[in-house]
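Below: one structure, written as structure tokens.
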Amino acid sequence: MADCTVSVAGTDKSVVVAIGNPLSDSLKELLSKKQRKQAVAFRVNGELYDLSTPVERDMEVEFVLGDSPDGLDIIRHSTAHLLAHAVVDLFGAEVKVAIGPSTDDGFYYDFDRSEAFNPDDLEKIETRMLQLAGGVHPFVRETVTIAEARRIFAEKQQGYKLEILDEIEDDTVSLYKVGEFVDLCRGPHVPHSGLLQVYKLTRLAGAYWRGDENRTMLQRIYGTAFSSPKDLKKYLLMLEEAKKRDHRKLGRELGLFTMQDQIGPGLVLWQPKGALMRKLIEDQWREEHYRHDYELLYTPHIAKRDLWQTSGHLDFYGENMYAPMDIDEVSYQLKPMNCPFHIAIYNTGKRSYREFPIRWCELGTVYRYEKTGALHGLMRVRGFTQDDAHIFCLPEQLEEEIYNILDLNMRVLRLFGFDQYDIYLSTRPEKSVGSDENWARSTEALKMALDKKGFAYEMDPGEGVFYGPKIDIKIKDKLGRSWQCSTIQVDFNLPERFKLSYTGTDGKEHQPIMIHRALMGSLERFFGVMIEHYAGAFPVWLAPVQARLMNITDAQLDYTNKVYAELRQLGVRVEKDTRNEKLNYKIREAQLQKIPYMLIVGDKEMAESEVTIRLRDGENLPAMKIADFAEMVQRQCSEEKALAD
């Protein structure tokens, strides 16, 4: 039998392997003892393979360890198979298995079962998974014909797998067997189940098959898995903290927003405190844009259907748009985007190169159809406000405008407390419009601006929008979670569709370049992220209530009302608690409401025309005159905002 050589990239280690033998047989020669325990797969030319893959040629390999991003993904995907194995073992063949992928922080598997799973079932499943893992069953890959795969899953009466097979155009597919469980999967997987003992099933949910509300509602079991118990413990602690910070819970407790079935899912009712915070955010947003030479626009919520046909949204985005409505026998639709309106304003007059760049911004409310199962508090809604802007510029201005947007973008994120983020440069998707030349030019402009700013970023191939490449900025909250908010998109398509032009220096008509840009993205989503980032304890400049006045007895009631009126005149956002309750009770309630300052008024404070100050963290400050306190609040607000500079 012929031999071939396997070498480890970046090392001087190599081994001669007989063709057809699995690479796993040679791990002792290629890896240290510690690495052998952690190895879950290997990579050749960017492709991942099972360790049991037969060696067919000379090759240079990279081994994938369980604590790496790819290794963790493989562990989680393999644990999803183990979960399905345990469920079928416990609940019998009447359980129909659907799909079980890994996710950013774990995995899930969807099941069709007549009886609902409950939390007690999760404990039973976890126990059975541990038993199966302890059996050290190998993950065995087999390549079979589509016909053979159909026979196997038909015998098991697994209709969801048969439906998946119907959509596969290849002649063969790969199956993986672990213990007695067989699944349809590309892989790779860990060598054996013994590597899958650090996991936790986290929750139950419902999910429509294929995400289609007209299809069967399946039961989804979520879980997570890690390569070490320490990492799992850290993650579970983070989950507990995330529950405390859940914006839906805090939004209700702090009186910021609500959603009601009577109004409709995914539609937000802003309560007074939330509405005041929103005003503070919007006012600061407008102020920052004015400083950066933007002009403000307002546009309607609906437009004739023909507008969306011209823009291409009906072709590329129609499934996310609401059904048309007839007005005076003309078809209209709710807007999913603001851009066609800004273009309409551009076209209200003849433009000269001397006007450029033109920077227009709008806090524009849009409406998009999101499936009910995808809705999630403020993070995914059906009606939301975009902090939208569109810049029309000359070709030679493109890179500088992107550079300026990045400057403003980072300033606004810092202003609201976000200084950690990941940046992605997304390139042309399969479904797109425009010439290769324009795509190349706009992608290079985005890249050059990022390089000029010195930002680290990752390429995200094929994830651009249909009309152009984009930069996405995913902010990180205090728990290290990433949230997609900011985006910068270059567009040659809409200027062409709407025949935009300007008169150049040569007296001829030319087409401008258009940049779409959102700093916060959805205001609702950004607001939800901020609630969880700050756990509801907002900085003083952003807190809807900066101080709460509380009297000790009714003897100070008139003085409390006087102080309240004076502080409001001095610009402090203050409320009062004059209930006939014990002071400690009032203080505790103010702390639960995350109010920065508690102002206590007793006989001594009334006599001295002062207030005693207690911070929300329990620290006490000396008594202070009313005007001095108001000045301290304003100074604190200025210092907090200065952190963005």
Worksheet item: How many residues, within the range 28-65, are open to solvent by less than 30 Å² (accessible area, probe 1.4 Å), of a type in the set (Val, Ile, Thr) and outside any strand (DSSP E or B)?
Response: 1
Discussion item. Among the residues that make up the range 100-108, is at least one of them within 24 Å of Gln35 (Cβ to Cβ) and in contact with a Ser or Thr (Cβ under 7 Å, 6 or more places away or on another chain)?
Written reply: no
Response to the item:
Just one listed residue, out of Lys431, Lys447, is out of contact with any strand residue (DSSP E or B) (no Cβ under 9 Å at 6 or more places or on another chain), more than 29 Å from Glu639 (Cα to Cα) and modelled with pLDDT under 95, and it is Lys431
Worksheet item: Considering the range 412-428 alone, what residues qualify as being open to solvent by less than 40 Å² (accessible area, probe 1.4 Å) and of a type outside the set (Val, Ile, Thr)?
Response: Leu413, Leu415, Phe416, Gly417, Phe418, Leu425, Ser426
Worksheet item: Has the range 224-239 got at least one residue that is among the charged types (D, E, K, R), in contact (Cβ under 8 Å) with a residue 40 or more places away in the chain and not in a helix (DSSP H, G or I)?
Response: no
Response to the item:
Restricting attention to the range 66-116, the residues that are open to solvent by less than 10 Å² (accessible area, probe 1.4 Å) and among the acidic types (Asp, Glu) number exactly 1
Worksheet, complete the sentence: Picking from Gln569, Gln634, Gln593, the residue that is of a type in the set (S, T, N, Q) and closer than 16 Å to Ala537 by Cα would be Gln593
Item to complete: Kindly list, by first and then second residue, each pair from a residue in the range 358-376 that is farther than 22 Å from Met325 by Cβ and aromatic (Phe, Trp, Tyr) to a residue that is open to solvent by 40 Å² or more (accessible area, probe 1.4 Å) and part of a strand (DSSP E or B), limited to pairs with Cβ atoms under 8 Å and residues at least 6 apart or on different chains.
Response: Trp360/Glu295; Trp360/Leu296
Worksheet item: Looking at Ile613, is it assigned to a helix (DSSP H, G or I), open to solvent by less than 60 Å² (accessible area, probe 1.4 Å), under 23 Å from Ala537 (Cα atoms) and of a type in the set (A, V, I, L, M)?
Response: no
Item to complete: Among the residues of the range 566-590, write down those that are acidic (Asp, Glu) and under 20 Å from Glu610 (Cα atoms).
Response: Glu566, Glu575, Asp577
Worksheet item: Can you pull out the residues in the range 327-343 that are touching a residue at least 60 places away in the same chain (Cβ under 8 Å) and in contact with a Phe, Trp or Tyr (Cβ under 9 Å, 6 or more places away or on another chain)?
Response: Pro340, Ile343
Discussion item. Cβ-Cβ under 7 Å, sequence separation 6+ or interchain: first residue in the range 56-82 and in contact (Cβ under 8 Å) with a residue 60 or more places away in the chain and under 15 Å from Ser193 (Cα atoms), partner open to solvent by 30 Å² or more (accessible area, probe 1.4 Å) and in a loop (DSSP other than H, G, I, E, B). Which pairs?
Written reply: Gly66/Ser227; Gly71/Ser227; Leu72/Ser227; Ile75/Ser227; His77/Pro101; Ala80/Pro101
Worksheet item: Among the residues of the range 288-335, how many are in contact with a Cys (Cβ under 8 Å, 6 or more places away or on another chain) and among the β-branched types (Val, Ile, Thr)?
Response: 0
Item to complete: May I ask you to list the residues in the range 442-475 that are buried (at least 18 other Cβ atoms within 10 Å of the Cβ) and part of a helix (DSSP H, G or I)?
Response: Ser442, Thr443, Ala445, Leu446, Lys447, Ala449, Leu450
Discussion item. If I ask for residues that are without any contact (Cβ under 8 Å) to a residue 40 or more places away in the chain and within 30 Å of Lys279 (Cβ to Cβ), which ones from the range 473-525 would you list?
Written reply: Gln484, Thr487, Gln489
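The rows are residues; the columns are (1) under 19 Å from His77 (Cβ atoms); (2) modelled with pLDDT under 95.
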position: Glu155; (1), (2): no, yes
position: Ile168; (1), (2): yes, yes
position: Gly179; (1), (2): yes, yes
position: Lys200; (1), (2): yes, no
position: Gly206; (1), (2): no, yes
position: Thr216; (1), (2): no, yes
position: Tyr222; (1), (2): yes, no
position: Ala225; (1), (2): yes, no
Worksheet item: Can you find even one residue in the range 123-143 that is assigned to a loop (DSSP other than H, G, I, E, B) and surrounded by 16 or more Cβ atoms within 10 Å (Cβ to Cβ)?
Response: yes
Fill in: Number of the exception - Glu253 against (1) surrounded by 16 or more Cβ atoms within 10 Å (Cβ to Cβ); (2) over 30 Å from Ala39 (Cβ atoms)
(1)
Worksheet entry | For Pro622: the one exception among (1) open to solvent by 40 Å² or more (accessible area, probe 1.4 Å); (2) assigned to a helix (DSSP H, G or I); (3) of a type outside the set (S, T, N, Q); (4) free of Cβ contacts under 8 Å to residues at least 24 places away in the same chain | (2)
Worksheet entry | Qualifying residue in the range 536-546 (condition: among the hydrophobic types (A, V, I, L, M, F, W, C), under 35 Å from the mean Cα position of the chain (by Cα) and on the phi > 0 side of the Ramachandran plot) | no
Worksheet item: Which ones in the range 394-404 are touching a helix residue (DSSP H, G or I) at 6+ places or on another chain (Cβ under 8 Å) and surrounded by 21 or more Cβ atoms within 10 Å (Cβ to Cβ)?
Response: Leu398, Ile402
Worksheet item: Got a sec? Which strands (runs of 3 or more DSSP E) wholly within the range 270-341 have at least 3 residues that are surrounded by fewer than 16 Cβ atoms within 10 Å (Cβ to Cβ)?
Response: 325-327
Fill in: Restricting the range 152-184 to residues that are part of a helix (DSSP H, G or I) and not hydrophobic (A, V, I, L, M, F, W, C), the residue that is most open to solvent (accessible area, probe 1.4 Å)
Glu155
Item to complete: Would you confirm whether any residue within the range 489-500 is touching a His at 6+ places or on another chain (Cβ under 9 Å), surrounded by fewer than 20 Cβ atoms within 10 Å (Cβ to Cβ) and more than 30 Å from Arg252 (Cβ to Cβ)?
Response: no
Practice prompt. Could you check the range 508-610 for strands (runs of 3 or more DSSP E) lying wholly inside it with 1 or more residues that are surrounded by 16 or more Cβ atoms within 10 Å (Cβ to Cβ) and among the basic types (Lys, Arg)?
Written response: 513-522, 547-551, 574-577
Item to complete: Look through the range 185-230, keep the residues that are more than 12 Å from Tyr109 (Cα to Cα) and among the charged types (D, E, K, R), and return whichever of them is most open to solvent (accessible area, probe 1.4 Å).
Response: Arg186
Worksheet item: Can you tell me which residues in the range 348-373 are loosely packed, with under 13 Cβ neighbours inside 10 Å and either assigned to a loop (DSSP other than H, G, I, E, B) or among the hydrophobic types (A, V, I, L, M, F, W, C) (or both)?
Response: Thr348, Gly349, Lys350
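The values are calculated or read from the model by the stated rules, or taken from the named source; none is laboratory data. Please read these numbers as outputs of a predicted model, since none were measured by experiment. For neighbour counting, all protein chains shown are included, and Cβ atoms are generated from backbone atoms with ideal geometry for every residue, glycine included. Side chains are part of the model used for accessible areas, which takes the heavy atoms of the whole protein and leaves out ligands, DNA and RNA. Shrake-Rupley method; radii C 1.70, N 1.55, O 1.52, S 1.80 Å.
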